[in-house]
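Bear in mind these aren't lab numbers, they're just calculated from the coordinates by the rules spelled out. Note that the coordinates shown come from a computational prediction; the quantities given were computed from them, not determined experimentally. Virtual Cβ from ideal backbone geometry, glycine too; neighbours counted across all protein chains shown.
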Amino acid sequence: MNDLITITPRDLYGPVGHPPGDPASGYLGRWTPILGPTSTLLYHHLHHATVDGPVVLQLAVLAASLGVGRGTGRNSILAGAIGRLGRYGMLLPDVASGASRLYLAKSLPPVTVTRRDRPRTHPHLVHQIGAG
C-alpha cells in the first residue's frame with residue numbers, strides 16, 4: 001500500500017443516501033452485518049475525520065488506530081476493510097489520480113437484498129492500493 005492516502009468526502013448517493021449516524025444505533029448499524037466490524041469502524045473513523053473536508057492519512061497510523069496492527073500490505077486487515085467499503089460503494093477511487101485519493105460517501109446507500117447478496121466490485125481499488 002502507498003504510505004499516504006487522501007480521503008475526500010463526496011455526496012455519492014444524493015437524496016437516496018442515509019446519514020450514517022452512530023455505528024451501533026444509526027443507519028451504519030444496519031450495514032455492520034454486511035461490512036463486518038473492521039469496515040464499519042473504518043467508515044465511522046473516516047466519516048468523522050472528513051467532517052471539515054479532505055484529510056491525508058498515514059496508512060500505518062490509520063491501521064494502528066483501528067486496532068488492526070500496523071500492516072498495510074495487500075493481504076492486511078486494513079486492505080480488506082478498504083476493499084469491502086469499495087465493494088459496497090462507500091469508498092471509491094479517484095481514477096484520475098490513482099489509489100492515493102479516495103472518495104468517501106458522505107451518506108450510505110440503501111441496504112437492499114441485492115447489496116447483501118451481490119456486492120459491487122471495484123477490483124482496481126484493492127489492486128491499486130495493494131500494489132503500492
Read phi for every residue in segment 37-52 and hand back ³J(HN,Hα) as whole Hz from Karplus 6.51 cos²θ - 1.76 cosθ + 1.60, θ = phi - 60°, with x for Gly and Pro.
x, 5, 5, 4, 5, 4, 4, 4, 4, 5, 4, 6, 5, 9, 4, 9
Just to be sure I understand the model, the point goes 7 Å from the Cα along the line to the Cβ. What's the resulting Ala60 to Thr112 distance in nm?
4.3 nm
Residue by residue, what Karplus-based ³J(HN,Hα) values in Hz, rounded to whole numbers, does segment 4-9 have, using 6.51, -1.76 and 1.60 with θ = phi - 60° and x for Gly and Pro?
10, 9, 9, 10, 10, x
Calculated from backbone phi, Karplus (6.51, -1.76, 1.60) coupling profile of segment 85-93 in Hz, x at Gly/Pro:
4, x, 4, 9, x, 9, 9, 10, x
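Full-extension gain between Arg10 and Ile34, please, as 0.36 nm times their residue separation minus the C-alpha to C-alpha distance.
Contour length minus the Cα-Cα distance gives 6.4 nm.
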Peptides 35-44, 84-93, 7-16 ordered by average Cβ neighbours within 10 Å, highest first
84-93, 35-44, 7-16
